[in-house]
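Here the structure comes first, spelled out in structure tokens, and everything after it is commentary.
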Amino acid sequence: MNSGSVKHLAGHPFDRRDFLKVLGWGGAAVALSGCGNGSVEDGKETVVSYVETNDYMIPSISVYFNSTCAQCDAGCSITGRIREGRVLKLEGNPESAINRGKTCGLGQAGVQHHYNPDRVREPLLRTGNSGEAITWEKAYALIAEKLNGVSGEEIAFLSGGVSGHLKALMGNYLDSLGCKNHFVYEAIAPAVLRAANIRAELYLGNPKNMGNQLKYADRRNSPCVIIQGSDEKDDPTGPQVLLKDLILGAELAKLEKDREEYLQKQGEAQTKAPLASLVDEVRKILDKHGVKWN
């Protein structure tokens, strides 16, 4: 693999090594990497004090940059508090129509991509069920060995949903390989519903405490919730999803103690459907209650 293969991003040199290093950065690290830094290598300056500060930088005084959280596919708008070039805090942007100034625990933790002592700092080589830390030089050599004599048409890149800086970096990397085979996979992708003009967001939480996730959806006045765990994903008949009708669920709490009526409505409030029919099933719930959710 020729590391001299150079592409340009925002007018700065960009090569495969840049891409591989940045690929390990996630969430806020990628989203905020454009705040005052032009190239990938220059991004290192965000974690050390500046020798020559920018005009707007005053010691001990914070500045704020708006960006997009990349911790999940919801795309919440965030505001980062920066002081002396260091990201100190992330909060939701109150002007956002998506998250209305709020962020979940995952978004709040995005700043830990910079500072957590357990963050990934070097390449990991899979050894059995674990990852062995190796040097960048060894990682480059392994990649070069695997790609030696392989044409771009024979390479495929599989990822989750990407956007912004990471999408541009990935595009440059694939171009340097002559590869156009980038495949995106999301088990339950909000983009699928958004493409059907249905507003949606993805919430990642602890499966052992599903109640908190449902409370969050209820606070957002969501008409329905879509759930997919390992049982639904590995269903013998094919990938399935659970759909909870939260409007009907609220009516259940008001019912008198009529067991038959309760059980009937309970069955209607939670249904199981093939993943392929997700959009149609969500539309049925919205239409049943006359909800315009776009």
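Where a number appears in this text, it was derived from the coordinates with a stated rule and is not lab data. What you see is a predicted model, and the numbers here were worked out from it, not measured in a lab. Note: ideal-geometry Cβ built from the backbone for every residue, glycine included; neighbour counts use all protein chains shown.
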Fill in the blank from the handout: Once phi for every residue in the range 142-158 is put through the Karplus expression 6.51 cos²θ - 1.76 cosθ + 1.60 (θ = phi - 60°), the whole-Hz ³J(HN,Hα) values, with Gly and Pro written as x, are 5, 5, 4, 5, 5, 8, 4, x, 9, 7, x, 5, 8, 9, 10, 10, 10
Exercise for the section: Convert each backbone phi in the range 269-286 into a coupling constant with the Karplus relation 6.51 cos²θ - 1.76 cosθ + 1.60 (shift: θ = phi - 60°), then list the ³J(HN,Hα) values in order as whole Hz, x for Gly and Pro. Expected result: 6, 9, 10, 10, 8, x, 4, 4, 9, 3, 4, 4, 5, 5, 4, 4, 5, 5
Handout entry: Distance violations [Cα-Cα > 27 Å] among LYS233/LYS284; LYS89/LYS167; LYS180/LYS233; LYS89/LYS292; LYS215/LYS265
Key = LYS180/LYS233; LYS89/LYS292
Practice task
Find how much the distance from VAL279 to TYR216 grows on full extension, using 0.36 nm per residue of separation minus their present alpha carbon separation; answer in nm with one decimal.
Solution key: 20.5 nm
Handout entry: Under-5 Å amide H pairs with GLN270, H placed in peptide plane, nonlocal only
Key = ASP245
Completion exercise
Per the 1/(1 + (r/R0)^6) rule, R0 = 22 Å and r from the Cβ atoms of ILE227 and ALA109, FRET efficiency to 0.05 is 0.45
Handout entry: Label-point separation in nm, MET57 to THR135, each point 7 Å along Cα→Cβ
Key = 3.1 nm
Problem - Residues TYR216, TYR173 arranged by fewest to most Cβ contacts within 10 Å - result: TYR216, TYR173
Problem - Cβ crowding within 10 Å averaged over residues, with 277-285, 176-184 ranked highest first - result: 277-285, 176-184
Handout entry: Rounded to whole Hz, the Karplus (6.51, -1.76, 1.60) HN-Hα couplings of the range 100-113, x for glycine and proline
Key = 6, x, 9, 9, 7, x, 5, x, 4, 7, x, 5, 5, 4
Completion exercise
By the mean-Cβ-within-10 Å protection proxy, highest first, 56-64, 244-252 rank as 244-252, 56-64
